[in-house]
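Since the structure comes first, as structure tokens, the remarks are kept for the end.
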Ligand code: S3P
């Protein structure tokens, strides 16, 4: 079984993914970490040195490589489904689950977790709030194409909800 977790930055894709993979006893892969390992540099360094478009190309390549796995829980990046035909690709190659969270809750999680995120690191609090409202509205049209949506305010509850839907 291959599961792709999608959702905005801060929605808990990595935390939920690790727990879920442990429960299912299959491999966990974080797409951002995979890209960093392949590129030999951090996401910040890729954005700073080569720009977002290069990152998106690397992201697409990484997705293709990982889609060959038989069994894995894969935490995608917040923007992964939103570029080119990546969302269709994800839906065709595995089970897609959207971890959904309101902008206010995302703000609480992200306000102190901006430094490793190139799209957020230079925003002040008000700019971050505005960015989250605007970007989430744009991206949720894509995220809503996931096969399942799970409320992600609490990590443990989100994992339980996914267990339940996998048993159906
Ligand atoms: C991004 C989200 C990040 C990372 C990159 C771009 C985005 O992943 O891929 O900084 O466009 O939303 P996380 O969602 O794991 O923070």
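Bear in mind that the values in this text are calculations on the coordinates, not laboratory data. Owing to the predicted nature of the structure, the values given are computational and were not obtained by experimental measurement. Because the Cβ atoms are built from the backbone with ideal geometry, glycine has one as well, and the counts that use them run over all protein chains shown.
Residue count for the range 129-149, restricted to those that are within 13 Å of the ligand (Cβ to nearest atom) and surrounded by 12 or more Cβ atoms within 10 Å (Cβ to Cβ): 8. Among the criteria (1) closer than 19 Å to residue 79 by Cβ; (2) without any contact (Cβ under 8 Å) to a residue 12 or more places away in the chain; (3) in a helix (DSSP H, G or I), the one residue 109 does not fulfil is (2). For the range 41-90, a residue qualifies if it is under 20 Å from residue 24 (Cβ atoms) and in contact with a strand residue (DSSP E or B) (Cβ under 9 Å, 6 or more places away or on another chain), and the qualifying residues are 66, 67, 69, 70, 71, 72, 73, 74, 75, 76, 90.
Looking across the range 30-51, the residues that are free of Cβ contacts under 8 Å to residues at least 60 places away in the same chain and either surrounded by fewer than 17 Cβ atoms within 10 Å (Cβ to Cβ) or more than 12 Å from the ligand (Cβ to nearest atom) (or both) come down to 33, 37, 38, 39, 40, 41, 45, 49, 50, 51. In this entry, residue 136 passes the filter for residues that are assigned to a helix (DSSP H, G or I), under 21 Å from residue 52 (Cα atoms) and touching a helix residue (DSSP H, G or I) at 6+ places or on another chain (Cβ under 9 Å). Within the range 61-86, the residues that satisfy the criterion of being surrounded by fewer than 22 Cβ atoms within 10 Å (Cβ to Cβ) and either away from the ligand (no atom under 12 Å from the Cβ) or without any contact (Cβ under 8 Å) to a residue 12 or more places away in the chain (or both) are 61, 64, 65, 66, 67, 68, 69, 70, 71, 72, 84, 85.
If you go through the range 1-16 and keep only what is more than 10 Å from the ligand (Cβ to nearest atom), surrounded by 23 or more Cβ atoms within 10 Å (Cβ to Cβ) and in a helix (DSSP H, G or I), you end up with just 16.
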